[in-house]
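The values are calculated or read from the model by the stated rules, or taken from the named source; none is laboratory data. As the structure is a prediction and not an experimental result, all values here were calculated from the model. Here the Cβ positions follow ideal geometry from the backbone for every residue, glycine too, while neighbour counts run over all protein chains shown.
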Amino acid sequence: MKKWIIIGVVILVVGAIVVLNILQKKEKAIQVQTTKVKLATIESKVSASGTILPVTQVDISANVAGEIIKMNVKEGEFVNKGQVLAQLDKVRYEAELDRAKSVYNSRKSSLKLTKKELKRNRALYKAKNISESQLDQVVANYEIETNNLEQAKASLDQAEDNLNKTTIFAPISGTVIDLRKEQGEIAMGSTFQADIIMSVGDLTQMEVEVEVNENDVVDVSISDSVDIEIDAIPDTSFKGIVTEIAHSATSSGAGTQESVTNYDVVVSMLEIPKELRPGMSAAVEILTEKHENVIGVPIQSITVRPENRVNIQMKKEFKVDNNKREMGKDTVGVKENSGYKMYSKEKMLEVAFIIVGDTAKAIPVEIGIASEDLFEIKSGLSVDDEIVTGSHEALSRELQTGKLVEKDSKDGKNKHGNRKERR
């Protein structure tokens, strides 16, 4: 009797060990989150930031130098085209005009006298009372006086123009948005280097100048619709359209790893709030493409796998029979009748994992445009397919075709009703 008891205990122990080994070898299900594939509207957008400026803005400077003796406007004031904005000291220019007038009148009288002398000498020459050389001299004097009068007239016109430029008029109707000088300061008039006194802009037409990265600007087109958000006016979006795209780039950090190449893009504002001011910061989203009623999946549900691992069961570690060399991370082996076949460079495929029964299956997909949270799927998936959306670790590393999966419910419990462990 004792012998049979011992045999029974041994059988129980051996059975327990066998059962334990079987349980340990059983594949553990991967916890995943899933969703159903649906139709969606997907909008591809390019984001950028920049500054708000008037469409028309004129920097006003003096063309002649002088003290500002009168400033007729203040910053923020609306002015009409032709309105007097400022007056420079004109005493010197009035004196130059008087001097030019005097010289002009003198040259005019001299020319008049020379003309009479020429008429008289031509008569004398005709009567053979003077020689031809004497007549030629009188003709030359007349031409000299004619040129002198023309020079005097040019100097007179310039003096009049300089005097007129001491009064500064508004070239456009608009608002004084920047007043850089005050009454009593000197305006350094120059034709080649502007000494800006003030800026006038038409605030009824505004635009946003933004910098778009070289990788994104190829997707932007004239007349693309734009959503504009202004930092100073929160929780409000304004509409605009793309009106200009630069053909020349602006670069920073050239020759370094931080090198950035951007292109200036101008967005015309279709809505102009009364609180808007030139120079305010704005962020824009340019709608480059919009597809309606297309298959859309969450961005995080798309991952990559080596082409040879999508439909073939792969081994992570193995040895090549012919040379006993262990495969590296960048190689893949497929078991064939003659042994393992080596692939030195794997082609990576974009895939989504669908649920088939209790297992996952990798499906190669063709991706279209993308929004902030959705990818357009052009081929590979159908409406109502159940796809894996998480976890990140499962999608990026653990899942392969044929792997056993267990779906998480929305309340944090698995399909058996037990709450998930949080680590």
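Of the residues making up the range 244-263, those that are exposed (fewer than 15 other Cβ atoms within 10 Å of the Cβ) and part of a strand (DSSP E or B) number 8.
Residue 172 - would you say it is of a type outside the set (S, T, N, Q), within 30 Å of residue 78 (Cβ to Cβ), touching a residue at least 60 places away in the same chain (Cβ under 8 Å) and surrounded by fewer than 18 Cβ atoms within 10 Å (Cβ to Cβ)? In short, yes. Does residue 35 satisfy the condition of being assigned to a strand (DSSP E or B), at pLDDT 90 or above, of a type outside the set (Lys, Arg) and more than 30 Å from residue 267 (Cβ to Cβ)? Yes, satisfied.
Per the listing 309, 305, 277, the residue uniquely assigned to a helix (DSSP H, G or I) and either of a type in the set (Val, Ile, Thr) or touching a residue at least 24 places away in the same chain (Cβ under 8 Å) (or both) is 309. Residues that are of a type outside the set (Asp, Glu) and under 21 Å from residue 293 (Cβ atoms) within the range 373-388 comprise 374, 375, 377, 378, 379, 380, 381, 382, 383, 387, listed in sequence order. Quickly run through the range 236-266 and pick out the residues that are over 18 Å from residue 52 (Cα atoms) and hydrophobic (A, V, I, L, M, F, W, C). If the condition is that a residue be over 18 Å from residue 52 (Cα atoms) and hydrophobic (A, V, I, L, M, F, W, C), then 249, 254, 260 are the ones that fit.
Filter the range 56-82 down to residues that are part of a loop (DSSP other than H, G, I, E, B) and aliphatic (A, V, I, L, M) and give me whichever is modelled with the highest pLDDT. Among those residues, the one meeting the criterion is 73. Residues that are farther than 30 Å from residue 216 by Cα and modelled with pLDDT of 90 or more were ranked within the range 345-357; the one that is surrounded by the fewest Cβ atoms within 10 Å (Cβ to Cβ) is 356. Each residue in the range 83-117 was checked for being in a loop (DSSP other than H, G, I, E, B) and within 12 Å of residue 156 (Cβ to Cβ), and 0 pass. Within the range 168-215, the set of residues being under 19 Å from residue 275 (Cα atoms) and not charged (D, E, K, R) comprises 174, 175, 176, 177, 200, 201, 203, 204, 205, 206, 208. Condition (residue is within 30 Å of residue 62 (Cβ to Cβ) and either modelled with pLDDT of 90 or more or surrounded by 16 or more Cβ atoms within 10 Å (Cβ to Cβ) (or both)) applied to the range 209-218: is it met by at least one residue? Looking through the range 209-218, at least one residue is within 30 Å of residue 62 (Cβ to Cβ) and either modelled with pLDDT of 90 or more or surrounded by 16 or more Cβ atoms within 10 Å (Cβ to Cβ) (or both).
Yes/no matrix, rows are residues, columns are (1) among the β-branched types (Val, Ile, Thr); (2) modelled with pLDDT of 85 or more:
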{"position": "343", "(1), (2)": "no, no"}
{"position": "360", "(1), (2)": "no, yes"}
{"position": "389", "(1), (2)": "yes, yes"}
{"position": "403", "(1), (2)": "no, yes"}
{"position": "406", "(1), (2)": "no, yes"}
{"position": "409", "(1), (2)": "no, no"}
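Scanning the range 106-164 for residues that are exposed (fewer than 15 other Cβ atoms within 10 Å of the Cβ), touching a residue at least 24 places away in the same chain (Cβ under 8 Å) and either under 21 Å from residue 93 (Cα atoms) or of a type in the set (Gly, Ala, Ser) (or both) yields 106, 151, 158. Apart from one condition, residue 73 fits all of (1) assigned by TED's automatic domain parsing to the domain that holds residue 179; (2) exposed (fewer than 13 other Cβ atoms within 10 Å of the Cβ); the exception is (2).
For the range 39-55, does any single residue satisfy the condition of being modelled with pLDDT of 90 or more and in contact with a Phe, Trp or Tyr (Cβ under 6 Å, 6 or more places away or on another chain)? No, that holds for no residue.
Considering the conditions (1) surrounded by fewer than 19 Cβ atoms within 10 Å (Cβ to Cβ); (2) within 30 Å of residue 103 (Cβ to Cβ), residue 187 is excluded by exactly one of them, (1).
Looking only at the range 115-138, decide whether some residue is under 30 Å from residue 196 (Cα atoms) and touching an Asp or Glu at 6+ places or on another chain (Cβ under 7 Å). No, the range 115-138 contains no residue that is under 30 Å from residue 196 (Cα atoms) and touching an Asp or Glu at 6+ places or on another chain (Cβ under 7 Å). In summary, strands (runs of 3 or more DSSP E) completely within the range 348-404 and bearing 2 or more residues that are touching a Gly at 6+ places or on another chain (Cβ under 8 Å), in contact (Cβ under 8 Å) with a residue 60 or more places away in the chain and aliphatic (A, V, I, L, M) occur at 374-379.
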